[in-house]
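A short write-up of the structure that comes next.
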Amino acid sequence: MRDILFIVFFTVGATALCGAILSRELVKYFENTQLLEESTDSVEKLESLISDYEELLKQRQDDPNLIKRIVAVTMGGDVNEPDTVYPKLTANELQAAKITLAKQQKEIEKKKTIPEFIVRCNEPRRRIGLFLAGASLVLISFICFSPVKKQPKKKAKG
């Protein structure tokens, strides 16, 4: 029973000590992970834009009338081409698209937050308390639950 109590108290105390000591590094780790994800997303978006741009340049070289159609659609001019259909969006469709994009943005922001317990453990007063609690548990485990040394038997004289 003493061994089990020693293991439990020592493990909890050592974990608390490590949490108090490494809380700043954990916050930096999560911040760096977020920055890495953001930069990876930016690189992917840039690669996508580059491939779209290259495809557009390729189509431009193949079809000289493409510029006239793109300018008309992009600048919002009247398009009167007989074999082409250009969709018109209504205000309700645009509002629905904005709501969908806002929901997606909120989900992305939720994924990128640092866990709350790490933020709390990084506060100076709580770090000190966590450190002292962990140190006291380690001391208690060694003082109260350490294995008892067997004393050698005394030989009887005579």
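For region 4-65, which whole-number percentage of the solvent-accessible area (1.4 Å probe, protein heavy atoms only) is attributable to carbon and sulfur atoms?
Values: 3100 of 4910 Å².
It is 63 percent, rounded to a whole number.
Report the accessible area of residue 40, computed with a 1.4 Å probe over the heavy atoms of all protein chains in place, in Å² rounded to the nearest 10.
We get 60 Å² for residue 40.
Along each principal axis of its Cα atoms, how long is region 101-154 end to end? Whole angstroms, biggest number first, please.
83, 22, 9
If you plug each phi of region 32-42 into the Karplus form 6.51 cos²θ - 1.76 cosθ + 1.60 with θ = phi - 60°, what whole-Hz ³J(HN,Hα) values come out, in order, with x for Gly and Pro?
Once θ is set to phi - 60°, the couplings for region 32-42 become 5, 5, 5, 4, 5, 4, 5, 5, 5, 4, 5 Hz.
If I ignore ligands, DNA and RNA and count only protein heavy atoms, how much of residue 120 is accessible to a 1.4 Å probe, in Å² to the nearest 10?
Accessible area of residue 120: about 100 Å².
Calculate the length of the line joining the C-alpha centroid of region 25-56 to that of region 123-154, in whole Å.
What the calculation gives is 47 Å, centre to centre.
Per-residue accessible area for residue 27 at 1.4 Å probe radius, Å² rounded to 10?
Looks like 20 Å² after rounding.
Given R₀ = 35 Å, what would the calculated FRET efficiency be for residue 18 paired with residue 103, taking r from the Cβ atoms and rounding to 0.05?
Details: r = 38 Å, r/R0 = 1.09.
Taking R0 as 35 Å, the efficiency between residue 18 and residue 103 is 0.35.
The values are calculated or read from the model by the stated rules, or taken from the named source; none is laboratory data. All of these numbers come straight from a predicted model, not from anything done at the bench. Neighbour counts are summed over all protein chains in view; Cβ atoms, including those assigned to glycine, are modelled from backbone coordinates with ideal geometry. When the accessible area is computed, the model is the full protein with side chains, heavy atoms only, and any ligands, DNA or RNA have been set aside. Shrake-Rupley method; radii C 1.70, N 1.55, O 1.52, S 1.80 Å.
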